[in-house]
Each structure stands twice: as structure tokens, then as C-alpha cells.
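A quick write-up on the structure given underneath.
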Amino acid sequence: MRIIKWFVTFCVLSAASSHVFARDLSKNERDLCTWGAGIASTAQQYKLAGLTLYGARKKFQARHFPQQWMRMSALGITEQTYDSDSRMRPEGVRQVYYEGCTRHELARR
């Protein structure tokens, strides 16, 4: 019985602390995750529309990015999106990417 109480207490404290840590992301980290989620969503949209990986890469290469690193990151995200067998809607891909990115940023700390 004691073990169950400790386990429940641990779970409650873990859940409460995860909400506290979720607020620790900086605006830049949230913006980075939002940007990547948008790229993944667009890549999924291209994939579902039947555009080849080569065509999607050309579209992203033609885009103007404010930072130099963004172009290569966008191409990497696109390649990962095309490698996936997922037929999920672009909005779902955006949500999954954002959640994974924020979890990664929190775990990185």
C-alpha cells in the first residue's frame, strides 16, 4: 500500500513539474519549433500532392530564408518527411513536429 502511495505521489509530482518546465522554453526556442513544424507541414502537403522529393527540394531551395542555416535544415526536414510512410494530414504533421521539437528542447536542458 505504501508503495502505491509513493508511486501515485511521484506521478502527480512528475506531471506537475512537467508543466512548470514547459513554460521554460524561450521565445526563440518556440519560434524555432514553429518554423520547423511549418516546413514539415509544407513538405507533407507536397508529398500528398504527388510532388517528388526532387521537386520539393527545388521549391525549398528557391525560397528565401532569413538565416543561412535554415535552407539546409528545411531540406533535411523535407527529406525526413518524404522518408516517412505517413499519410497524415499536414496539420497533424505540424502538431506532431511541434510537440516533438518542444520535448526535445526541454530534454536538451
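Can you list the aspartates and glutamates whose alpha carbon sits under 17 Å from that of K47, skipping same-chain ones fewer than 8 residues off?
Hits, sequence-local ones excluded: E79, D83, D85, E91.
Show me, for the range 46-51, the HN-Hα J-couplings you get by feeding each phi into the Karplus relation (A = 6.51, B = -1.76, C = 1.60, θ = phi - 60°), rounded to Hz, glycine and proline as x.
4, 4, 5, 7, x, 6
In the neighborhood of Q61, defined by Cβ-to-Cβ distances under 13 Å, what is the net charge if each Lys or Arg adds +1 and each Asp or Glu adds -1?
+4
In the range 26-108, how does Rg compare with the Kirkwood Rh, expressed as the Rg/Rh ratio over alpha carbon atoms?
0.97
Only the coordinates and a few stated rules stand behind these numbers; no lab work does. In this text, all values refer to a predicted model and were calculated from it rather than measured experimentally. Neighbour counts are summed over all protein chains in view; Cβ atoms, including those assigned to glycine, are modelled from backbone coordinates with ideal geometry.
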